[in-house]
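In what follows, a single structure is set out as structure tokens and then discussed.
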Amino acid sequence: MKCLNSYFTFATTIALLFSFHLSSADSYVDFVECLYNYPHITNSIANAVYTRTNSSFSSVLDVSIQNRRFLNISSKPQVIVTPLDVSHIQATIICAQRHGLQIRTRSGGHDYEGLSYVAGVPFVILDLINLRGIEVDVENSTAWVEAGATIGELYYRISQKSKTLGFPAGECPPVGVGGHFSGGGYGYMMRKYGLAADHVIDAKIVDVNGNLIDKETMGEDLFWAIRGGGGASFGVIVAWKIKLVPVPSTVTVFQVARTLEENATEIIHKWQRVANKFNESITMKANMVRVNSSKSGNPTVEAQFISLYLGRVDELIPMMQKSFPELGLVREECTEMSWIESILWKAGFANDDGLEGVWPFFYEAEAKDAYIQFTPYGGRKDEISESETPFAHRSGYIFHIQYGVYWEEEGDEAAQRYMNGIRRVYKYMKPYVSESPRAAYINYRDLDIGVNNHGYTSFSQASMWGFKYFGNNFNRLAQVKTRVDPRNFFRNEQSIPPLISKGDINRPFWVPL
């Protein structure tokens with residue numbers, strides 16, 4: 001997976017997206033009038049609608065843009081709707097259909113490709129920033145969390161009610177749960193408990209017809225699809241009901257660094273062989289960055305090993321000495337804290353020959369603020385069948401790789417220069433990673449691996465990206481799409497297409513409106 005961005009947070013929120021037959025950009029005037037006159041509004045929508053003439057339009061648009069590359073682009077929405085309740089979502093869907101505007105739904109705005117707030121056609125942003133309620137039920141170890149809430153807010157609410165309950169989602173607090181959960185949602189506890197999506201036990205979603213449905217009324221297939229298949233193709237996720245997990249009162253964290261001069265290459269090589277086999281209570285990431293050597297002052301590559309252990313340091317050290325002595329971890333490099341404190345603790349590798357070929361990249365001018373990060377799989381996540389949820393990267397996947405680069409220079413030339421650099425690294429890594437296809441994580445969505453055409457798309461075109469994200473689950477997702485949205489109302493550059501007929505790969509894959 002690669003993320004070709006100027007500034008972005010560590011995890012990502014998948015945006016929920018919709019599209020349909022488009023008409024003139026001027027249709028937004030009729031769209032707004034439709035909103036104001038929608039007969040089933042339960043709460044005034046006037047204060048939730050922002051047009052380009054509104055003085056607050058730019059600030060409302062920019063507040064959730066996490067990737068500064070998209071701040072000043074010309075592709076801006078016609079209208080922003082910040083719903084205060086479900087009826088506002090329903091009105092937006094119905095009115096957008098009537099007046100030919102595409103909808104982009106935003107919960108946290110961390111989509112790496114900016115698809116929650118960027119489009120090449122006239123569109124409306126449905127920003128769920130006001131729908132962020134959280135209800136924690138300690139007695140039953142469950143919680144309802146609205147899609148506009150962030151994972152940081154969820155963690156905080158849980159910690160207010162219990163010191164021994166947590167939830168296995170990402171480590172970046174500002175990420176919105178709406179897209180994070182629907183794409184799978186991994187974090188530092190996935191080796192112990194699996195993904196966030198593995199712990200979703202109910203959901204509320206507004207479908208293509210404006211109906212609010214839950215697990216019981218949406219059916220088994222749709223409930224399966226939204227837990228890892230991305231919410232983009234199936235509706236607007238309003239809220240998730242999740243099962244909380246037990247956490248110890250004390251956990252242990254560490255971040256240790258080893259440079260090339262300190263044998264980092266061999267240590268990373270060993271990490272690849274053991275990180276997914278550690279005790280499932282240990283998740284240790286490996287992050288590679290360029291630093292100046294403390295000895296010579298010259299640039300070098302540093303491998304940073306960042307870990308959470310669900311237990312005390314006295315238990316961790318013997319485990320590391322047995323399974324990963326090359327790291328040389330000592331007690332003084334570890335810190336004990338509560339689970340919620342570990343959330344606030346900020347942090348940030350393939351064959352020796354492969355690694356040796358990567359290091360020169362970090363010495364290039366465009367790599368000053370670049371990184372390559374390895375996140376280990378294994379544990380409980382691998383024990384869950386790849387068909388259980390749409391998230392298919394289960395047993396057999398050792399770790400995943402994230403490629404990132406930051407820059408501050410303005411302009412398209414600078415953006416292309418930095419992105420071309422990280423693309424070269426991604427291409428270099430091809431012989432060392434999975435293939436047929438080269439897999440990708442939907443919450444790190446990447447339009448480089450393929451897009452849908454505006455209009456008809458063949459199965460082979462859609463499969464360019466579909467099988468990379470979902471493996472064999474892509475076919476099932478397409479079947480669910482056919483049942484719940486045969487007219488392909490909910491569509492974007494990488495949405496799940498409806499399957500016209502099972503096994504028919506020669507006919508157009510999109511159902512025209």
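The values are calculated or read from the model by the stated rules, or taken from the named source; none is laboratory data. Note that the structure is a prediction, hence the values are computed from the model and not measured. So basically every Cβ, Gly included, is an ideal-geometry build from the backbone, and we count neighbours across all protein chains shown. Calculation scope for accessible area: heavy atoms of the full protein, side chains included, ligands and nucleic acids excluded. Shrake-Rupley method; radii C 1.70, N 1.55, O 1.52, S 1.80 Å.
Evaluate the following for Ile158: is it open to solvent by less than 30 Å² (accessible area, probe 1.4 Å) and in contact with a Pro (Cβ under 7 Å, 6 or more places away or on another chain)? Quick ask: steps written out before the conclusion?
On the way: open to solvent by less than 30 Å² (accessible area, probe 1.4 Å): yes; in contact with a Pro (Cβ under 7 Å, 6 or more places away or on another chain): no.
In short, no.
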Review point. With Arg68, Arg98 as the choices, which residue is in contact with an Asp or Glu (Cβ under 9 Å, 6 or more places away or on another chain) and within 27 Å of Ala414 (Cβ to Cβ)?
Key: Arg68
Review point. Restricting attention to region 398-419, does a residue exist that is surrounded by fewer than 17 Cβ atoms within 10 Å (Cβ to Cβ), touching a Gly at 6+ places or on another chain (Cβ under 7 Å) and closer than 28 Å to Leu71 by Cβ?
Key: no
Review point. What residue, of Gly357, Gly421, Gly378, is outside any loop (DSSP other than H, G, I, E, B), at pLDDT 90 or above and not charged (D, E, K, R)?
Key: Gly421
Practice item. Kindly list, by first and then second residue, each pair from a residue in region 306-319 that is closer than 19 Å to Asn287 by Cβ to a residue that is among the charged types (D, E, K, R), limited to pairs with Cβ atoms under 6 Å and residues at least 6 apart or on different chains. Key: Ile306/Lys285
Practice item. Report, by residue number, each residue of region 133-163 that is in a loop (DSSP other than H, G, I, E, B) and farther than 19 Å from Gly230 by Cα. Key: Gly133, Val138, Glu139, Asn140, Ser141, Ser162, Lys163
**Study point:** Residues located in region 102-128, provided they are open to solvent by 20 Å² or more (accessible area, probe 1.4 Å) and under 17 Å from the mean Cα position of the chain (by Cα)
**Key:** Glu113, Val118
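Quick one: which helices (runs of 4 or more DSSP H) lie wholly within region 211-288 and hold at least 2 residues that are under 21 Å from His393 (Cβ atoms)? Walk me through it before giving the result.
Details: elements: 215-218, 220-225, 264-274.
Qualifying helices (runs of 4 or more DSSP H): 220-225, 264-274.
With respect to Ile151, determine if the residue is in the same structural domain as Leu61 (by the TED database) and either open to solvent by less than 10 Å² (accessible area, probe 1.4 Å) or more than 19 Å from the chain's Cα centre (by Cα) (or both). Let's see the steps before the verdict.
Details: in the same structural domain as Leu61 (by the TED database): no; either open to solvent by less than 10 Å² (accessible area, probe 1.4 Å) or more than 19 Å from the chain's Cα centre (by Cα) (or both): yes.
No: the conditions fail for Ile151.
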Check your understanding: Out of the residues in region 23-62 that are acidic (Asp, Glu) and either crowded, with 16+ Cβ neighbours inside 10 Å or farther than 22 Å from Ser107 by Cα (or both), which is modelled with the lowest pLDDT?
Key -> Asp26
